[in-house]
Amino acid sequence: MAAAAYAVRKRMDALFISKGLGGRTNRHLELPWVEDYQVAVGDETIQRFRSQLDYLDYMRVRALVTKVQAMNGGFRVEVADGKTYDTKTLIAATGAVGEHLKVPGEREYELRGLCYSAMTYAPLMVDRNVLVVGSELLALRAVAELARIATQVTLVAATDGDLDTPVGQKVLSAENVIVKRNATVLAVHGDGRYARCVEINQQGRVQEIPVDTIFIEKQLIPNSDLFLDLVAVDECGFIKVDARNRTTRPGLFAAGDVTNAMAFQVLMGLGDGEKAALSAFDYLLGLGGEDFVCDTNG
Ligand SMILES: Cc1cc2nc3c(=O)[nH]c(=O)nc-3n(C[C@H](O)[C@H](O)[C@H](O)COP(=O)(O)OP(=O)(O)OC[C@H]3O[C@@H](n4cnc5c(N)ncnc54)[C@H](O)[C@@H]3O)c2cc1C
């Protein structure tokens, strides 16, 4: 939305194709001890872009993009009903999703005491008992952050994962962190309104852990499939971009959670979108040409 709004400001001939408006900003975690006024959900900022694009309805297509091809020095974008759109430049801003546990109770309590973004909600965990699921860097980073705020943090780690790294050692030595190694989540239980407890199996021993909030921090999966044949991605599939949101392919830019910037915050996404639009504008002015690409070593 930010990229589209900036493209319009620059009077570029822009088209915004998306399944919906607002992406993940439409979702937020509900917690029994948090009132809406205590959190800045970014709604006002998002609303500005949303109303601008709603107003400019002519440049917006609500559809699922199914294919992106490079052709004639530009790109052809195909949507679900088979329609195609040709363009000289393209900005990929398709986001990322958190990996689900796929256990009973997860769907029921998603965003009601259970979520996938500790980075966002850690500041609300003062004096709380929280539980993090995962064993890779994403989870350990979350635990390290939460341990500075929450009363107690329990990490449920199915494997040793990245526990043998500096951040893993930090987590293991923290006084208020309990690590349940070789443990898997069996189910999430709640009171019908909020998640309240996690049932785990640690090497055959089943136990229930009462918690205030559950963070699933297994893996973020970028929605980058459409672009895999076109641009370089990192080992997890995030699109590689440079400081100006250029990918490895001239004319193709990327912004937000789908990139390897690893920011995963609304404000970062907004800034990225604006930078990508400005870079697309420069590209169309002929500034750079073939050299105008991200250096994959950078
Ligand atoms: C529960 C939750 C709460 C959060 N709370 C906060 C918060 O309080 N503060 C904060 O700063 N950040 C928060 N975040 C993170 C923030 O929402 C994201 O960093 C931000 O939304 C990323 O923006 P984006 O545009 O890159 O991706 P997204 O918001 O994921 O948007 C991607 C868009 O692309 C569309 N799309 C994807 N594939 C296709 C396709 N093939 N065809 C058409 N359209 C497609 C999607 O429909 C979506 O509209 C939260 C995240 C979650 C999950």
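Observations on the structure shown:
- Any pair with Cβ under 7 angstrom, 6 or more apart, that starts in segment 55-83 at a residue that is farther than 16 Å from Leu228 by Cβ and not assigned by TED's automatic domain parsing to the domain that holds Leu252 and ends at one that is at pLDDT below 95 and more than 16 Å from the ligand (Cβ to nearest atom): none
- Selection from segment 92-105 of residues that are crowded, with 18+ Cβ neighbours inside 10 Å, more than 8 Å from the ligand (Cβ to nearest atom) and not in a strand (DSSP E or B): Leu101, Gly105
- Looking at Leu186, Leu226, Leu285, Leu278, just one residue is in contact with a strand residue (DSSP E or B) (Cβ under 8 Å, 6 or more places away or on another chain) and more than 29 Å from Ser135 (Cβ to Cβ), and that residue is Leu226.
- Residues in segment 112-166 that are crowded, with 24+ Cβ neighbours inside 10 Å, touching a Ser or Thr at 6+ places or on another chain (Cβ under 6 Å) and in a loop (DSSP other than H, G, I, E, B): Ser135 only.
- Within segment 271-298, being buried (at least 19 other Cβ atoms within 10 Å of the Cβ) and at pLDDT 90 or above holds for Asp272, Gly273, Lys275, Ala276, Ala277, Ser279, Ala280, Tyr283.
- Of the residues making up segment 4-29, those that are more than 9 Å from the ligand (Cβ to nearest atom) and touching a helix residue (DSSP H, G or I) at 6+ places or on another chain (Cβ under 9 Å) are Ala4, Ala5, Tyr6, Ala7, Val8, Arg9, Lys10, Met12, Asp13, Ala14, Leu15, Phe16.
- Scanning segment 237-249 for residues that are on the phi < 0 side of the Ramachandran plot and free of Cβ contacts under 8 Å to residues at least 60 places away in the same chain, we see that the one that is farthest from the ligand (Cβ to nearest atom) is Thr248.
- Residue list for segment 220-236, restricted to those being in contact (Cβ under 8 Å) with a residue 60 or more places away in the chain and under 15 Å from the mean Cα position of the chain (by Cα): Leu220, Ile221, Pro222, Asn223, Ser224
- Condition met for Leu186 (of a type in the set (A, V, I, L, M), in contact (Cβ under 8 Å) with a residue 40 or more places away in the chain and over 22 Å from Leu31 (Cα atoms)): yes
- Per the conditions (1) under 22 Å from Asp86 (Cα atoms); (2) modelled with pLDDT under 95; (3) surrounded by 16 or more Cβ atoms within 10 Å (Cβ to Cβ), the sole criterion not satisfied by Ala254 is (2).
- Residue, nearest to Ser224 (Cα to Cα), within segment 250-279, restricted to residues that are among the aliphatic types (A, V, I, L, M) and more than 12 Å from the ligand (Cβ to nearest atom): Leu252
- For first residues located in segment 161-181 and closer than 18 Å to Ile200 by Cα and without any contact (Cβ under 8 Å) to a residue 40 or more places away in the chain, partners that are part of a loop (DSSP other than H, G, I, E, B) and aliphatic (A, V, I, L, M) and lie 6+ apart or on another chain with Cβ distances below 9 Å form the pairs Val179/Leu163; Arg181/Ala158; Arg181/Leu163.
The values are calculated or read from the model by the stated rules, or taken from the named source; none is laboratory data. Treat the numbers as computed from the prediction; the structure is a model and nothing was measured. All Cβ positions, even for glycine, are placed from backbone atoms using ideal geometry, and neighbour counts span all protein chains on display.
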